[in-house]
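Presented below is the structure to which this report refers.
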Amino acid sequence: MRYNFNNKTQQLVALAKGGDESALDQLCRAYAERIRWMVRLRMGKELRRKLDSMDVVQDVLIHALGGITDFTYENEGDFVRWLSRIAENTLRDNWERFHAEKRDIRKEVPLGNTRRRSVSRLSGVPGPIATTTPSVIMSKKEDLAKLEKAIDMLKPEYKEVIVLSRIEELGYQEIADRVGKSTEAVRKLTSRAMTALINAFESVK
């Protein structure tokens, strides 16, 4: 089943804000895969060694569901960007904790185990996913490890513009406002970033 996300998401968010468990579950299933890509593209190999990406996905979903009553739905893009901000903040929290633990070797434990919570409505995540990623490369789940290596080879600005354009699906003007560049500069940067990603992906053994 494929959703018309613009209408379906709005309906699900409205129901979820009213406490509908089924709507919450459907939102989890529909967006878990996209959140997973947000997390994977931003993690970096150092944090990836310490933290399971699916633990982060679950944390993002927990935060999102817990704060959904404060979210005002206007369009699909706003909802995706809201999830992306939660993912970014969750990764930042884990990164800061990782470095704090690194300064004290007595606390050398897997990050995902430090504050694990049990949420019954997430028992099915990731489950069947009803969405696909926008890039041909990113849609090949069997190439995930290879893609991660390719992403690690990119410049930070390339990684960021790929997340903004391919995962958050922002337009050039929106990205330009976010990163403080002109629209034309963003267009060229995005083109170079995707070329670099394709080349890196093809070079990975």
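The values are calculated or read from the model by the stated rules, or taken from the named source; none is laboratory data. As the structure is a computational prediction, the values presented were derived from the model and not from experiment. Every residue, glycine among them, receives a Cβ derived from its backbone with ideal geometry; neighbour counts consider all protein chains shown. For the accessible areas, the whole protein counts, side chains as well, though only heavy atoms, and no ligand, DNA or RNA atoms are used. Shrake-Rupley method; radii C 1.70, N 1.55, O 1.52, S 1.80 Å.
Quick notes
- Check on residue 105, farther than 25 Å from residue 157 by Cβ, at pLDDT below 80 and exposed (fewer than 15 other Cβ atoms within 10 Å of the Cβ): yes
- Conditions (1) assigned to a loop (DSSP other than H, G, I, E, B); (2) polar (S, T, N, Q); (3) within 18 Å of the chain's Cα centre (by Cα); number of the one not met by residue 58: (1)
- Residue, nearest to residue 80 (Cα to Cα), within the range 164-182, restricted to residues that are in contact (Cβ under 8 Å) with a residue 24 or more places away in the chain and not hydrophobic (A, V, I, L, M, F, W, C): 168
- Note on the range 1-26: among residues that are at pLDDT 85 or above, of a type in the set (A, V, I, L, M, F, W, C) and open to solvent by 50 Å² or more (accessible area, probe 1.4 Å), the one that is nearest to residue 74 (Cα to Cα) is 14.
- Residue in the range 76-94 that is modelled with pLDDT of 80 or more and either touching a Leu at 6+ places or on another chain (Cβ under 6 Å) or on the phi > 0 side of the Ramachandran plot (or both) present: yes
- Entry remark, the range 35-67: residues being among the charged types (D, E, K, R), buried (at least 17 other Cβ atoms within 10 Å of the Cβ) and within 19 Å of residue 152 (Cα to Cα) number 4 in total.
- Pairs where the first residue, in the range 1-22, is farther than 12 Å from residue 65 by Cα and the second is assigned to a helix (DSSP H, G or I) and at pLDDT below 85, C-beta under 6 Å, 6+ apart: 5/76; 6/76; 9/76
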